[in-house]
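The values are calculated or read from the model by the stated rules, or taken from the named source; none is laboratory data. If you're wondering where the values come from, they're calculated on a predicted model, not measured in any experiment. Neighbour counts are summed over all protein chains in view; Cβ atoms, including those assigned to glycine, are modelled from backbone coordinates with ideal geometry.
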Amino acid sequence: MSDRKPLMPKATAVWLVSNTALTFEQIAAFCGLHVLEVKGIADGDVAQGIKGLDPVTSNQLTREEIERAEKNPDHVLRLSEMKVDVAQFATGKKSPRYTPLSRRHERPNAVLWLLRNHPEIKDSQIMRLVGTTKTTIAQVRDRSHWNSPNLVPQDPVTLGLCSQIDLDAEVKKGARRVERERKENDRDLPKGGTLLPAEETTEAPRHQTAEILTTKEEAPREESEKEEAARVFAKLKQLKSAEAETVDEE
């Protein structure tokens, strides 16, 4: 069975149900519908309000093909060959984006919006989105554009310069590129030594502090002359007091 289907399959099915003696299976296979859906069309439960489309007048079927299928329930309907060749356009490479004249003066505003809100996007991506030039992007970036004082950041989607789908695609592409470059930079950086556990880094200063305190306590402090004289005087006074108590006891 061919993969080609008729134009407006439901409308074609409505016409075939009403004007031919084809089986539901034949109509379903030709129109790409389910058999129950074709049965629902015959019962009036499906495709209400849809006007039937004659596939004969639209050159999609021949009268002979329909008659052959009506006589043989196992016959599979086939679309008629197109008499007009439809030109096929290559979709791999997009043509340059056309911007209406009424919108071209809005390009610098869109460029400024993209530079501020999506720095991950490259200049070539901005050029594809809004149809501008690299020179204009550079002038908007360094504020050397002739209309810089009057530029206002505006979303290129709302300006009609690009679609939201195209903008999202470029943003995702820029984000992936930035992430890839970040990983490459992290891989190229030299790895440092392994960090010591917190217990080791905190215990060492404590031991050193205890040793310093012990050393300070053990080291004798030098007395000044006044302190030495006061200590000697106190010692003599203590001795005299002891002698006086001894005399009193005797």
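Taken across the stretch 63-71, residues that are more than 13 Å from Phe30 (Cβ to Cβ) and part of a loop (DSSP other than H, G, I, E, B) do not occur at all. For the stretch 1-59, which fully contained helices (runs of 4 or more DSSP H) count at least 2 residues that are at pLDDT 85 or above and closer than 16 Å to Ser80 by Cβ? Filter on the stretch 1-59 gives 9-19, 24-31. Kindly indicate whether any position in the stretch 146-162 is surrounded by 13 or more Cβ atoms within 10 Å (Cβ to Cβ), over 26 Å from the mean Cα position of the chain (by Cα), more than 12 Å from Arg107 (Cα to Cα) and not aromatic (Phe, Trp, Tyr). Yes, the conditions are met somewhere in the stretch 146-162. Taking the stretch 21-53 as the range and being small (Gly, Ala, Ser) and within 45 Å of the chain's Cα centre (by Cα) as the test, the residues that pass are Ala28, Ala29, Gly32, Gly40, Ala47, Gly49.
Each residue in the stretch 104-142 was checked for being loosely packed, with under 15 Cβ neighbours inside 10 Å and over 25 Å from Val178 (Cα atoms), and 2 of them qualify. Within the stretch 1-20, the set of residues being touching a Gly at 6+ places or on another chain (Cβ under 7 Å), surrounded by 12 or more Cβ atoms within 10 Å (Cβ to Cβ) and over 17 Å from Val76 (Cα atoms) comprises Ala11, Val14, Trp15. Once the stretch 21-43 is narrowed to residues that are of a type in the set (Val, Ile, Thr) and buried (at least 17 other Cβ atoms within 10 Å of the Cβ), the residue that is nearest to Arg63 (Cα to Cα) is Ile27.
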